[in-house]
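Visitor: Have a look at this one.
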Amino acid sequence: MYFIANWKMFGGINSVNSLDKVIKFIKSFKKKKLAKIIYCPPHTLIDSMSKKLKNTNISVGSQNCHEHESYGPFTGSVNCKMLKNVGAKYVIIGHSEVRQSGESNKLINQKIQTAIKSGLKVIFCVGETIHQRKKKLTKKILSTQIKVGLNKIKNKKGIIVAYEPVWSIGTGIIPKPLDLLNTINFIKKRLKNNKILYGGSVNPKNINQLNSINNLDGYLIGGASQVSKKFIDIIKKTYN
Ligand code: PGA
């Protein structure tokens, strides 16, 4: 199971020390081989976090990347080569908070192609808004996001997909179990060889309910991942 921590725009240099607890926990955790942990901090912390996690089996990823493979005059942007250079192994692409600022499925596709070429592993986010859900467009939206986002990508196998309904992110609301089961199956039918995760308000209180949906390959965790104790609880409860 994957446990991916998305720190979003949170954390200063001292926040990296909060990982001590997680490192200690995972060292003595009997099922550590089953849990793949990836931390995606803001760009400013990728370097220090990679150093901190050096001799552990916890990896580091970025929350976004630029679509250009090489250096260029793109003020405020960071490319995959630069991310790799400071220790990132993964990159989240297509998060709804980035899509909101105008990122199209086509641009996401370019970013995914570049990330794969650069040797970063992709965590590809898809999900519908509440408006789209109410109009019963969920499947249509997901199909388009997958079709365009993964267009012309030959080796899709290593891509981790995170289903994150936009209305679930940061709201405390999670989908009903049967709805989630069906949506994950819908994605799995299209992407038979990919790991499919769920993201949106995952926390220690609802993790048992989520774990009862047994077609999930892990979680993308925002708010709760910033508190080590909560993050550890989520992992522990998953293997109870
Ligand atoms: P959340 O965020 O867990 O705080 O809802 C999830 C995400 O945005 O990846």
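The values are calculated or read from the model by the stated rules, or taken from the named source; none is laboratory data. The shown structure was predicted, so the numbers you read here are calculated from the model rather than taken from an experiment. Reconstructed Cβ throughout: ideal geometry from the backbone, glycine too, with neighbour counts over all protein chains shown. These area figures cover heavy atoms from the full protein model, side chains too; ligands, DNA and RNA do not enter into them. Shrake-Rupley method; radii C 1.70, N 1.55, O 1.52, S 1.80 Å.
Visitor: Which order, highest average first, do 3-13, 18-28 follow once you tally other Cβ atoms within 10 Å for each residue and take the mean per peptide?
Guide: On the way: 3-13: 17.4, 18-28: 15.0.
Packing order, densest peptide first, comes out as 3-13, 18-28.
Visitor: In whole Hz, with x marking every Gly and Pro, tabulate ³J(HN,Hα) for segment 37-47 from phi via Karplus 6.51 cos²θ - 1.76 cosθ + 1.60, θ = phi - 60°.
Guide: For segment 37-47, the Karplus-derived couplings read 9, 10, 9, 10, x, x, 3, 4, 10, 4, 5 Hz, x marking Gly and Pro.
Visitor: If you don't mind, there's one more thing I want to ask. Shape of segment 121-170 from its Cα gyration tensor (a ≥ b ≥ c, root eigenvalues): rounded if a/c is under 1.5, otherwise prolate when a/b > b/c, or oblate?
Guide: Numbers: a/c = 3.99, a/b = 1.69, b/c = 2.36.
In terms of gyration-tensor shape, oblate.
Visitor: Per residue of segment 223-233, in order, report the coupling 6.51 cos²θ - 1.76 cosθ + 1.60 (Karplus, θ = phi - 60°) as ³J(HN,Hα) in whole Hz, putting x for Gly and Pro.
Guide: x, 5, 6, 7, 10, 3, 4, 5, 4, 4, 4
Visitor: From largest accessible area down, sort 131, 66, 43; use a 1.4 Å probe on the protein chains. Please report the intermediate quantities before stating the final value.
Guide: Details: 131 115, 66 25, 43 85 Å².
The residues order as 131, 43, 66, largest area first.
Visitor: Once phi is turned into θ = phi - 60°, what whole-Hz ³J(HN,Hα) does the Karplus curve with 6.51, -1.76 and 1.60 give for every residue of segment 82-88, x standing for Gly and Pro?
Guide: 3J(HN,Hα) across segment 82-88, in whole Hz: 5, 5, 5, 4, 9, x, 6.
Visitor: When you count, for each residue, the other Cβ atoms within 10 Å and take the mean per peptide, how do 56-65, 29-38 rank with the highest first? Before the final figure, lay out the partial values.
Guide: On the way: 56-65: 21.5, 29-38: 15.4.
Highest to lowest by the protection proxy: 56-65, 29-38.
Visitor: Here is a follow-up. Distances over 23 Å make up what percent of all Cα-Cα pairs in segment 2-238? Walk me through the numbers before you get to the answer.
Guide: Working: 12916 of 27966 pairs.
I get 46 percent for the Cα pairs in segment 2-238 exceeding 23 Å.
Visitor: Amide H of residue 162 versus every other amide H placed in the peptide plane: which residues, excluding those fewer than 5 positions away on the same chain, fall under 5 Å?
Guide: Those lying under 5 Å, H to H, from residue 162 are 124, 125, 126, 197.
Visitor: Quick one: which residues, 5 or more positions from residue 5 or on another chain, have an amide H under 5 Å from its amide H? H modelled 1.01 Å from N in the peptide plane, none for Pro or chain starts.
Guide: So residue 5 has HN proximity to 38, 39, 40, 221.
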